[in-house]
Amino acid sequence: MSLRGLLCGYYGCGNLGDEAVLGGIVHSWAHQFGDTKGLVALSGAPASTETWHGIRAVPRMDVRAVRAAMAETDVAISGGGSLFQDATSIRSLLYYAGYLWLARRMGLPAVVYAQGVGPLHRPLSRTITAAAFRTAALVTVRDPDSAELVRRIGGATARLEVTADPAFALPERPQREPGGELAVLALRAWGSLRTAADAAELVRAVRGEGLQRVALLAMHAGEDVSLAREAAALAGEGCFVANVPDVASALDLVGGAGLVVAMRLHALVFAVMAATPVVALSYDPKVKSFMSSARLSAYCTEEFGSAPVQALCRSALAATPEIRRLQVARGIELRREALRTAALVAEVVAR
């Protein structure tokens with residue numbers, strides 16, 4: 001069964017996590033429908049999206065192009081990622097709500113696809129999100145906390161399902177042995193971790209546990225690169241900025257590490273996929289929610305100081321065999337759930 005789908009997310013905007021999400025959706029689509037000929041993505045860089053993912057793309061801010069693409073599709077897909085949140089501003093939330101409202105106006109079924117919802121601090125944000133979700137034929141979210149938030153704000157009038165982050169549906173890669181003395185850090189400026197000096201202090205804490213080589217992984221090209229470069233310069237020999245042009249390269253890097261310390265959600269997702277021990281720095285509720293769903297809450301902290309992070313690194317390294325067994329088993333379950341999201345889309349379209 002071939003199906004035409006229009007995908008709306010934060011694609012083509014320099015974020016490896018969102019590219020992993022798109023890659024997972026594309027792979028799930030091919031698994032469920034046999035091909036991806038009918039897939040079109042709204043993108044900030046359409047040419048790059050077409051090259052990386054092998055599907056057609058149109059400019060995400062070109063209203064005419066969006067309407068034309070929607071007129072030629074069978075189902076409007078919103079997500080995945082953290083699209084409905086107001087931690088930064090309400091403008092992006094309005095964009096994604098407008099996409100669902102446009103689908104409704106054009107008579108198309110819409111699906112919220114394995115999204116992480118929130119935080120929604122403002123009453124207006126909750127009202128907009130609930131109203132947009134009520135236009136969807138199906139709402140799928142990537143964690144139970146998101147499902148509870150959708151119910152609480154009144155956005156669950158359609159069928160609501162908890163599945164998994166679409167990135168778990170990416171093509172499987174060979175599992176590697178633990179990476180010895182290499183650690184991967186995926187940081188961003190947030191809270192008490194604001195400067196390159198703060199990041200360099202974390203590098204030194206990780207080194208204190210015997211991980212002499214530290215790769216700083218910039219998941220967001222626009223926000224993380226300068227922090228990584230300055231921190232590597234301060235941390236000195238053995239610390240470097242990882243050159244990862246695409247998701248596959250990031251997965252290979254994480255798969256070859258002995259430990260991942262990350263704030264960025266999809267660096268944590270990559271660690272679970274690769275069965276690499278992980279320590280999460282929870283700057284946002286989505287990080288804590290993910291670590292809970294991955295059954296790794298013991299390795300998650302909201303304290304970004306070197307002492308608590310080093311203590312968690314020590315615990316994770318000591319429990320490496322146990323963590324790897326858990327991640328392999330949980331990764332299989334999350335992959336199955338990620339692939340199930342596309343099957344749910346097929347049910348909606350078949351009605």
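Quick notes
- Of the listed requirements (1) more than 22 Å from Pro171 (Cβ to Cβ); (2) surrounded by 21 or more Cβ atoms within 10 Å (Cβ to Cβ), Ser89 misses just one: (2).
- The criterion of at least 2 residues that are buried (at least 20 other Cβ atoms within 10 Å of the Cβ) and aliphatic (A, V, I, L, M) is met by the following strands (runs of 3 or more DSSP E) wholly inside the range 130-193: 138-141, 182-186.
- Against the numbered list (1) modelled with pLDDT of 95 or more; (2) surrounded by fewer than 19 Cβ atoms within 10 Å (Cβ to Cβ); (3) not assigned by TED's automatic domain parsing to the domain that holds Ala164, Gly256 comes up short only at (1).
- When each of Ser249, Ser226 is tested for being over 19 Å from the mean Cα position of the chain (by Cα), in a helix (DSSP H, G or I) and surrounded by fewer than 15 Cβ atoms within 10 Å (Cβ to Cβ), the lone residue that passes is Ser226.
- The C-beta contact set for the range 213-237 (first residue in contact (Cβ under 8 Å) with a residue 60 or more places away in the chain, second residue surrounded by 15 or more Cβ atoms within 10 Å (Cβ to Cβ) and among the charged types (D, E, K, R), distance under 8 angstrom, 6+ apart or interchain) comprises Met219/Arg188; Met219/Arg264; His220/Arg188; His220/Arg264.
- The number of residues in the range 82-130 that are under 17 Å from Pro285 (Cα atoms), β-branched (Val, Ile, Thr) and modelled with pLDDT of 95 or more comes to 1.
- Some residue of the range 17-27 being in contact (Cβ under 8 Å) with a residue 12 or more places away in the chain and more than 17 Å from Leu170 (Cβ to Cβ): no
- Enumeration of residues in the range 51-81 that are within 26 Å of Met219 (Cβ to Cβ), in contact (Cβ under 8 Å) with a residue 60 or more places away in the chain and touching a Pro at 6+ places or on another chain (Cβ under 9 Å): Gly79, Gly80, Gly81
The values are calculated or read from the model by the stated rules, or taken from the named source; none is laboratory data. Since the structure is predicted, the reported quantities are computational estimates derived from the model, not experimental observations. Note that we place each Cβ from the backbone using ideal geometry, even for glycine, and neighbour counts take in every protein chain shown.
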